[in-house]
Amino acid sequence: MTAEYILETQGLTKEFKGFVAVNSVDLKVRRGDIHALIGPNGAGKTTFFNLLTKFLPPTRGTITYLGTDITHERPAQTARRGIVRSFQISAVFPHMTVLENVRTALQRNLGTSFHFWKPQSSLHVLHERARQLLAEVGLREFEDELTVNLPYGRKRALELATTLALEPELMLLDEPTQGMGHEDVSRVTQLIKKVSVGRTVLMVEHNMNVVSSIADRITVLQRGTVIADGPYAEVSRNPQVIEAYMGTEAAELQGAH
């Protein structure tokens, strides 16, 4: 693998008792790109993410990250390499403040996450970095707010801040705008674009307007198989992709640009 690509899968396959959920997927993620993985429901996107983060072992195929074969690593080893999936730490703690949530993620990165018996004063060194991260995602003024009180879109922004606290080289974002109203979608889309500078993002996303506005490259899965790969303009005109999205989704695919 050339240094140009941060992540590569070859022939990645996952079978469940005769059902092939991910079928011989070859994917290359270029360093510094926002790469979107799209496809109809049941296309295998989440299973593919689960293979990358080692929630599931592959039936066959390889995963290479920064030139190293990581196919059979344990999830913790892979996470330590700098591959961080948003929902893995989106378990934001509802009854902690926004600042405390980010601080906890920073402690985790230091390997001191369970030092809860340490004096509170020793954690102040982390506050400045936590505040920088909150500023980055537009939550600085909410730092003392209990997380449970945040509106949904702001909670997703907090998830991004806690993801950034782990200093990922590759961020895996799983449906980052799911369940959001229009205003939140556009805010979080701009946020992803902002925090992706100097990082690589691989995202599963169903909203074509989001994909068309920020993705450098798109891979389309259907029934576990890659049916198209390339820039949005090219992929959205692909007859197989239009057919896979049928009807309203196809119209959305065409109309997003």
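The values are calculated or read from the model by the stated rules, or taken from the named source; none is laboratory data. The shown structure was predicted, so the numbers you read here are calculated from the model rather than taken from an experiment. Counting neighbours? That spans all protein chains shown, and the Cβs are built from the backbone with ideal geometry, glycine included. Note: accessible area is taken over every heavy atom of the protein model, side chains too, but ligands, DNA and RNA are not part of it. Shrake-Rupley method; radii C 1.70, N 1.55, O 1.52, S 1.80 Å.
Helix 98-110 sits at what angle to the longest principal axis of the chain, using alpha carbons and giving 0 to 90 degrees rounded to 10?
Tilt of helix 98-110: around 80 degrees.
Among L166, L146, L12, whose mean-square fluctuation peaks in a Gaussian network model of the chain (Cα, cutoff 10 Å)?
Of the options given, L146 has the highest mean-square fluctuation.
Spelling out what I want: for every residue of region 131-144, take phi, set θ = phi - 60°, compute 6.51 cos²θ - 1.76 cosθ + 1.60 (Karplus), and round to whole Hz; glycine and proline get x.
Couplings: 5, 4, 5, 5, 5, 4, 9, x, 10, 4, 6, 9, 4, 9 Hz.
Translational D (Stokes-Einstein, µm²/s) of region 1-104 at 37 °C and 0.692 mPa s when Rh comes from the Kirkwood sum over C-alpha pairs?
217
Using only C-alpha atoms and all pairs of different ones, pull out the Kirkwood radius for the chain in Å with one decimal.
Numbers: mean 1/r = 0.0524 Å⁻¹.
The Cα-based Kirkwood calculation yields 19.1 Å.
For the chain, give the percent of accessible area contributed by carbon and sulfur heavy atoms, probe 1.4 Å, rounded to a whole number.
52
5 Å is the cut-off here: which amide hydrogens, built 1.01 Å from N in the peptide plane, fall below it relative to V22, excluding neighbours closer than 5 in sequence?
K14
Spin-label point model (7 Å from Cα, Cβ direction): what's the T62 to E145 distance in nm?
Those two pseudo-labels are separated by 4.8 nm.
At 20 °C and 1.002 mPa s, grab the translational diffusion coefficient of region 4-54 from Stokes-Einstein with a Kirkwood Rh over Cα pairs, rounded to a whole number in µm² per second.
Estimated via Stokes-Einstein, D reaches 181 µm²/s.
Could you work out the percent of alpha carbon pairs in region 156-249 separated by over 19 Å, rounded to a whole number?
The share of Cα pairs beyond 19 Å in region 156-249 comes to 44 percent.
Return the sequence-ordered ³J(HN,Hα) values of region 11-22 in whole Hz as given by the Karplus equation 6.51 cos²θ - 1.76 cosθ + 1.60 applied to θ = phi - 60°, using x for Gly and Pro.
The phi angles translate into x, 5, 9, 9, 10, 10, 6, x, 9, 8, 7, 10 Hz.
Based on the Cβ-Cβ distance of E4 and Q132, what FRET efficiency does E = 1/(1 + (r/R0)^6) give at R0 = 45 Å, to the nearest 0.05? Don't skip to the answer; put the middle values down first.
Working: r = 30 Å, r/R0 = 0.67.
For E4 and Q132, the calculated efficiency is 0.90.
Would you mind telling me which residue in H127, H206, H182 has the biggest mean-square fluctuation in a Gaussian network model of the chain, where springs connect alpha carbons within a distance under 10 angstrom?
H182
Give the angle, between 0 and 90 degrees and rounded to the nearest 10, that separates the Cα long axis of helix 239-255 from the longest principal axis of the Cα atoms of the chain.
Tilt of helix 239-255: around 50 degrees.
Okay, helix-only estimate at 222 nm for the chain: each DSSP H run of n ≥ 4 adds -39500 (n - 2.57), divide by all residues, round to 500 deg cm²/dmol; what do you get?
-11000 deg cm²/dmol
Using a 7 Å offset from the Cα along the Cα-to-Cβ direction at both E167 and A233, what is the distance between the two label points in nm, to one decimal?
Placing both labels 7 Å along Cα→Cβ, they lie 3.9 nm apart.
I'd like the orientation of helix 152-165 relative to the chain: the angle between its Cα long axis and the longest Cα principal axis, in ° from 0 to 90, rounded to 10.
80
Grab the Cα-Cα distance for R81 and S24, subtract it from 0.36 nm times how many residues apart they are, and report the gain in nm with one decimal. Write out the running numbers ahead of the final one.
Values: separation 57, 0.36 × 57 = 20.52 nm, distance 2.44 nm.
Here the segment from R81 to S24 would lengthen by 18.1 nm.
When the Cα atoms of region 208-248 are enclosed in a convex hull and the volume is divided per residue, what value in Å³ results?
Spelled out: Cα convex hull of region 208-248, divided by residues, is 70 Å³.
Can you tell me which aspartates and glutamates have their Cα less than 13 Å from the Cα of K28? Leave out same-chain residues fewer than eight positions away.
Reachable aspartates and glutamates: E4, E8, D216, D229.
Structure shown: which of K17/K194; K54/K155; K17/K155; K45/K194 lie over 31 Å apart, alpha-carbon to alpha-carbon?
K17/K194; K17/K155
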